[in-house]
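Quick notes on the structure that follows.
The values are calculated or read from the model by the stated rules, or taken from the named source; none is laboratory data. Here the structure is a predicted model, which is why all the values come from computation and not from measurement. Quick reminder, even Gly has a Cβ in these numbers, built from the backbone with ideal geometry, and neighbours come from all protein chains shown.
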Amino acid sequence: MKVMVGGTFDPLHDGHKRLLSRSFDLAGRNGKVVIGLTTDTFASKKTHPIRLFEIRRNELVGYIVDNKYPAQWVVEPLNDRFGSALDADFDAIVVSEETLPVAVEINRLRSENRRKKVDIHQICCVLAEDGRWISSTRIFKGEIDIHGHVLSRDVI
């Protein structure tokens, strides 16, 4: 099975890891995972600073290699919300609760362009210790770490 997934992956946190793990599980041993990684230009629209593409790519590749996922994989630049998902031949897309609307839009546009719709697999977002979603924004703000542990703050 050919599976697509995308994101900024900065920093690479436990929610991203669940997304990637599900993508590789779906692809299976003989499948392929296409990982769209936002370019510096596209990622610059975020509300917090993002590390350079090559740094994020290296961290992502290191995680995949360390986990020895058996499926083939490739990281491709993602210049917009859709990347190659509108035209590529693939079977499934893996998204979080937060990015589900993008996958629905991809299928709508594929259908309009007479492309086959793809299966949408939604993971549940990983919760931090405080019961709220782990997110890059919360990590950047210093609320939590990449595993969702609440960071203590000195009260003055």
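A compact table of results
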item: Residue count for segment 134-146, restricted to those that are at pLDDT 95 or above and under 15 Å from Leu19 (Cβ atoms); result: 2
item: Close pairs from segment 62-74: first touching a residue at least 40 places away in the same chain (Cβ under 8 Å), partner charged (D, E, K, R) and part of a strand (DSSP E or B), Cβ under 8 Å, at least 6 apart; result: Ala71/Lys32; Gln72/Lys32; Trp73/Lys32; Val74/Lys32
item: Matching option when the condition is of a type outside the set (S, T, N, Q) and in contact with a strand residue (DSSP E or B) (Cβ under 7 Å, 6 or more places away or on another chain), among Gly31, Gly62; result: Gly31
item: Residues of segment 82-98 classified as in a loop (DSSP other than H, G, I, E, B), touching a residue at least 40 places away in the same chain (Cβ under 8 Å) and within 21 Å of Cys125 (Cβ to Cβ), total; result: 1
item: Residues satisfying the stated conditions in segment 103-123, i.e. within 16 Å of the chain's Cα centre (by Cα) and either surrounded by 18 or more Cβ atoms within 10 Å (Cβ to Cβ) or touching a residue at least 60 places away in the same chain (Cβ under 8 Å) (or both); result: Ala103, Ile106, His121, Ile123
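Quick grid of which residues meet (1) outside any helix (DSSP H, G or I); (2) surrounded by 17 or more Cβ atoms within 10 Å (Cβ to Cβ):
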site	(1), (2)
Pro11	yes, no
Gly15	no, yes
Ile35	yes, yes
Glu59	no, no
Asp66	no, no
Tyr69	yes, yes
